[in-house]
(Lines give C-alpha, C1' and ligand atoms only; values in the text may rest on other atoms or scores of the structure.)
Protein backbone atom coordinates (compact mmCIF):
# COMPACT_ATOMS: atom_id res chain seq x y z
CA UNK A 1 0.00 0.00 0.00
CA UNK A 2 1.24 3.47 -0.83
CA UNK A 3 2.42 5.20 2.37
CA UNK A 4 0.99 8.59 1.32
CA UNK A 5 -2.38 6.99 0.58
CA UNK A 6 -2.45 5.24 3.96
CA UNK A 7 -1.44 8.44 5.74
CA UNK A 8 -4.10 10.52 3.98
CA UNK A 9 -6.79 7.93 4.81
CA UNK A 10 -5.67 7.83 8.44
CA UNK A 11 -5.53 11.62 8.70
CA UNK A 12 -9.04 11.88 7.26
CA UNK A 13 -10.38 9.79 10.17
CA UNK A 14 -9.01 12.06 12.89
CA UNK A 15 -11.14 14.36 15.01
CA UNK A 16 -10.28 18.04 15.02
CA UNK A 17 -8.65 17.85 18.49
CA UNK A 18 -6.42 15.02 17.24
CA UNK A 19 -5.15 17.20 14.41
CA UNK A 20 -4.24 20.12 16.69
CA UNK A 21 -0.59 20.99 16.76
CA UNK A 22 1.34 21.99 19.85
CA UNK A 23 3.57 25.06 20.12
CA UNK A 24 6.33 23.21 18.23
CA UNK A 25 4.01 22.21 15.40
CA UNK A 26 3.55 18.53 16.32
CA UNK A 27 0.29 16.62 16.39
CA UNK A 28 -0.37 14.14 19.22
CA UNK A 29 0.19 11.28 16.76
CA UNK A 30 3.56 12.66 15.69
CA UNK A 31 4.64 13.06 19.32
CA UNK A 32 3.51 9.52 20.14
CA UNK A 33 5.44 8.12 17.16
CA UNK A 34 8.59 10.04 18.07
CA UNK A 35 8.30 9.03 21.73
CA UNK A 36 7.91 5.34 20.89
CA UNK A 37 10.81 5.45 18.45
CA UNK A 38 12.98 7.28 20.96
CA UNK A 39 12.47 4.46 23.46
CA UNK A 40 13.49 1.97 20.77
CA UNK A 41 16.59 4.01 19.91
CA UNK A 42 17.58 4.08 23.58
CA UNK A 43 17.87 0.29 23.42
CA UNK A 44 19.80 0.25 20.16
CA UNK A 45 22.22 3.13 20.69
CA UNK A 46 24.40 4.18 23.57
CA UNK A 47 24.51 7.70 22.17
CA UNK A 48 23.38 9.66 19.15
CA UNK A 49 23.85 13.26 18.07
CA UNK A 50 20.95 15.70 18.10
CA UNK A 51 21.54 16.19 14.38
CA UNK A 52 21.29 12.45 13.63
CA UNK A 53 18.25 12.14 15.88
CA UNK A 54 16.59 14.99 14.02
CA UNK A 55 17.36 13.35 10.68
CA UNK A 56 15.96 10.05 11.93
CA UNK A 57 12.67 11.70 12.96
CA UNK A 58 12.54 14.17 10.07
CA UNK A 59 12.77 17.21 12.36
CA UNK A 60 15.36 19.88 13.13
CA UNK A 61 18.27 19.46 15.52
CA UNK A 62 16.68 21.99 17.90
CA UNK A 63 13.36 20.14 17.86
CA UNK A 64 15.14 16.83 18.52
CA UNK A 65 17.01 18.34 21.47
CA UNK A 66 13.79 19.80 22.88
CA UNK A 67 11.87 16.52 22.54
CA UNK A 68 14.67 14.48 24.15
CA UNK A 69 14.85 16.96 27.03
CA UNK A 70 11.10 16.61 27.54
CA UNK A 71 11.32 12.79 27.38
CA UNK A 72 14.09 12.81 29.99
CA UNK A 73 12.15 15.21 32.24
CA UNK A 74 9.02 13.04 32.12
CA UNK A 75 10.99 9.83 32.65
CA UNK A 76 10.02 8.39 29.27
CA UNK A 77 13.71 7.94 28.42
CA UNK A 78 16.67 7.46 30.74
CA UNK A 79 19.36 9.63 29.17
CA UNK A 80 21.56 12.63 29.65
CA UNK A 81 22.09 15.49 27.24
CA UNK A 82 25.61 16.61 26.42
CA UNK A 83 25.12 19.91 24.63
CA UNK A 84 28.85 20.57 24.36
CA UNK A 85 29.31 17.34 22.39
CA UNK A 86 25.89 17.55 20.67
CA UNK A 87 24.95 14.12 22.05
CA UNK A 88 22.19 12.22 23.76
CA UNK A 89 23.69 9.54 25.98
CA UNK A 90 21.19 6.78 26.73
CA UNK A 91 21.31 4.90 30.03
CA UNK A 92 19.22 1.82 29.30
CA UNK A 93 20.05 -0.93 31.77
CA UNK A 94 18.56 -3.52 29.39
CA UNK A 95 21.04 -2.64 26.65
CA UNK A 96 23.60 -5.50 26.49
CA UNK A 97 26.38 -3.14 25.44
CA UNK A 98 25.60 -0.87 28.40
CA UNK A 99 25.56 -3.88 30.71
CA UNK A 100 28.98 -4.97 29.46
CA UNK A 101 30.44 -1.49 29.91
CA UNK A 102 29.01 -1.28 33.43
CA UNK A 103 30.47 -4.68 34.26
CA UNK A 104 33.85 -3.67 32.81
CA UNK A 105 33.96 -0.45 34.83
CA UNK A 106 33.02 -2.32 38.01
CA UNK A 107 35.83 -4.85 37.45
CA UNK A 108 38.27 -2.02 36.74
CA UNK A 109 37.27 -0.23 39.95
CA UNK A 110 37.69 -3.46 41.91
CA UNK A 111 41.19 -3.98 40.47
CA UNK A 112 42.17 -0.42 41.40
CA UNK A 113 40.86 -0.97 44.94
CA UNK A 114 42.83 -4.24 45.29
CA UNK A 115 45.99 -2.65 43.94
Exercise. Among the helices (runs of 4 or more DSSP H) contained in the range 25-115, which hold 2 or more residues that are touching a strand residue (DSSP E or B) at 6+ places or on another chain (Cβ under 8 Å)?
Worked result: 28-44, 50-57, 61-74
Exercise. Tally time: how many residues in the range 49-67 are in contact with a helix residue (DSSP H, G or I) (Cβ under 7 Å, 6 or more places away or on another chain) and surrounded by 15 or more Cβ atoms within 10 Å (Cβ to Cβ)?
Worked result: 9
For this session: Can you give me the number of residues within the range 6-41 that are under 18 Å from residue 81 (Cβ atoms) and at pLDDT below 85?
Result: 1
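The values are calculated or read from the model by the stated rules, or taken from the named source; none is laboratory data. None of these values were measured; they are calculated from a predicted model. Positions of Cβ are generated from backbone atoms using ideal geometry, with glycine treated the same way; all protein chains shown enter the neighbour counts.
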